[in-house]
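Chemist: Quick one: the structure is below, questions incoming.
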Amino acid sequence: MGESVRILVEESSKTAEARRFARNMAAKMGLTETVAEQVSIVVTEACTNLLKHAGRGEIILHSSSEGLETTPLLDVLALDQGPGMRNLQQSLRDGYSTGSTPGHGLGAIVRLSQDSDFYTIPQKGTGILARWWTEPPKPSLPGHSTLRISAVNLPKPGEEVSGDAWGAVHYDDYVLILLADGLGHGLEANVAAMEAVRILRLHPDLPPGTLLQRVHSALRGTTRGAAVAIARIDLAREQVTFAGVGNISARIYSGAQPRQSLVSVNGTAGHQTERIQEFSYPWPGDGLLQLHSDGLATGTGLEAYPGLALRDPALIAGVLYRDFARGRDDSTVVVAKAL
């Protein structure tokens, strides 16, 4: 899962804190000093933009392997609920609007990051993604469908670790994604959720229903159980197989249009649950799978966000987190998107 840090940016002094965290994460990943300096400048630009145009916002720093364990990534998300940008392309011109800052505007984010993406709606806010890697991600083979998987996973405010955990593995011709929400929050919830991810990595060959039963048995040895959802996406057969217990929400979209809400049974893995069942659903060619813990509101979804489904999964997850996180629990949203 990697390391995630959230910095609430409400005053200019927070810029230095965000920059320091970003530099340290870049160094831990093994990024060069030159790249670490680029990360530092981009974070400064992002914080400046939050304060100048929205008054406040948050920076999320996440270092991890790509959802399918290909290459280490450092993602920087800048999220606000300000007035948005009426002309995104003009704002992205190098030097436009924030010429007094080190990188000279939002265009510096494009220029200094190895990948970037933006999403903005007037009067609803802006999301910015900047990304770096230790080596370029491998391109998919011609004629082969693939997935990109990203997430926002943050602890309840005031906690050191998240009681949620997620993982994704590629096995044979399909991809397995697991999201676990340990009961409560804090370290003991984290232990239960991470145990679920460990079982996923041990048994990627098992179908979701059988794998969930293994997770249920394993979590009996922890002090907390967990809500757990497991989705297996078979791109070749255009099918999703799903098993869940508890209140993890899961939904398949075709582009921005909701196609199917996925069914979990009542109970808690590791404690007591109804009979675990496995369900199958069609996977559209432009499919998008969204899973989230109950740290986000029940109505979390893409419907009110024109064009968001076209953006990078990390940015999609960030915008949904920004607008739907309850703020009183661990918050995780996972997005898997066909490319």
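The values are calculated or read from the model by the stated rules, or taken from the named source; none is laboratory data. The structure presented is a predicted model; accordingly, all values stated were derived computationally and were not measured. Cβ sites come from the backbone with ideal geometry, for glycine too, and all protein chains shown count toward neighbours. Ligands, DNA and RNA are stripped out before the accessible areas are found, and what is left, the full protein with its side chains, is counted by its heavy atoms. Shrake-Rupley method; radii C 1.70, N 1.55, O 1.52, S 1.80 Å.
Chemist: Report the relative contact order of the chain, percent, no decimals, based on alpha-carbon pairs under 8 angstrom and at least 6 residues apart. Working shown, then result.
Modeler: Values: 880 pairs, mean separation 50.7, N = 339.
Computed value for the chain: 15 percent relative contact order.
Chemist: Would you compute, from DSSP H runs of 4+ residues alone, the mean residue ellipticity of the chain at 222 nm, taking -39500 (n - 2.57) per run and dividing by the full residue count, rounded to the nearest 500? Could the numbers behind the result be given before it?
Modeler: Details: 7 runs with 83 residues, N = 339.
Roughly -7500 deg cm²/dmol at 222 nm, from the helical runs in the chain.
Chemist: For A16 and E33, compute 0.36 nm times the residue count separating them, minus their Cα-Cα distance, and round to one decimal in nm. Walk me through the numbers before you get to the answer.
Modeler: On the way: separation 17, 0.36 × 17 = 6.12 nm, distance 1.76 nm.
4.4 nm is the gain from fully extending A16 to E33.
Chemist: When a/c is below 1.5 the answer is rounded, else prolate if a/b is larger than b/c, else oblate, so apply that to the stretch 166-233 with a ≥ b ≥ c taken from the square roots of the Cα gyration tensor eigenvalues.
Modeler: Numbers: a/c = 2.43, a/b = 1.91, b/c = 1.27.
Here the stretch 166-233 falls in the prolate category.
Chemist: Give a residue-ordered list of calculated ³J(HN,Hα) values for the stretch 301-310 (Karplus: 6.51 cos²θ - 1.76 cosθ + 1.60, θ = phi - 60°; whole Hz; x for Gly, Pro).
Modeler: x, 8, 4, 8, 10, x, x, 5, 4, 7
Chemist: Which option, (i) 31, 51, 15, 2, 0; (ii) 31, 63, 6; (iii) 33, 57, 10, 0, is the value of P(r) over Cα pairs in 20 Å bins from 0, in percent that was calculated from these coordinates?
Modeler: (iii)
Chemist: Oh, and also: Going by a ≥ b ≥ c, the root eigenvalues of the Cα gyration tensor, does the stretch 187-339 fall in the rounded group (a/c under 1.5), the prolate group (a/b larger than b/c) or the oblate group? Write down the numbers at each step before the final one.
Modeler: Values: a/c = 2.02, a/b = 1.33, b/c = 1.52.
It comes out oblate by the Cα gyration axes.
Chemist: I'd like the accessible area for Y119, computed on protein heavy atoms only with a 1.4 Å probe and all protein chains in place. Round to 10 Å², please.
Modeler: 20 Å²
Chemist: Quick check on the stretch 256-339: take the gyration tensor over C-alpha atoms, sort the square-rooted eigenvalues as a ≥ b ≥ c, and tell me if it's rounded (a/c under 1.5), prolate or oblate.
Modeler: Numbers: a/c = 2.42, a/b = 1.28, b/c = 1.89.
Oblate is the answer for the stretch 256-339, as a/c is 1.5 or above yet b/c matches or exceeds a/b.
Chemist: Under 8 Å for C-alpha pairs, at least 6 residues apart: give me the relative contact order for the stretch 255-318, rounded to a whole percent. Mind dumping the intermediate values first?
Modeler: Details: 33 pairs, mean separation 25.6, N = 64.
So the answer I get is 40 percent.
Chemist: Can you give the longest stretch of the chain with no exposed loop site, where a site means GluC sites (Glu not before Pro) in a DSSP loop (not H, G, I, E or B) with at most 10 other C-beta atoms within 10 Å? Mind dumping the intermediate values first?
Modeler: Details: sites that count: E11, E160, E274.
With a cap of 10 other Cβ atoms within 10 Å, the longest stretch comes to 12-159.
Chemist: If you roll a 1.4 angstrom probe over the protein chains with everything in place, what fraction of the accessible area of the chain belongs to carbon and sulfur, to the nearest %? Walk me through the numbers on the way to the answer.
Modeler: Details: 6840 of 14180 Å².
The nonpolar share, carbon plus sulfur, comes to 48 percent.
Chemist: Please give the solvent-accessible surface of T134 in Å², to the nearest 10, using a probe radius of 1.4 Å with every protein chain present.
Modeler: Looks like 60 Å² after rounding.
Chemist: Per residue, how large is the accessible surface of the chain? Use a 1.4 angstrom probe and give square angstrom.
Modeler: Per-residue accessible area for the chain comes out at 42 Å².
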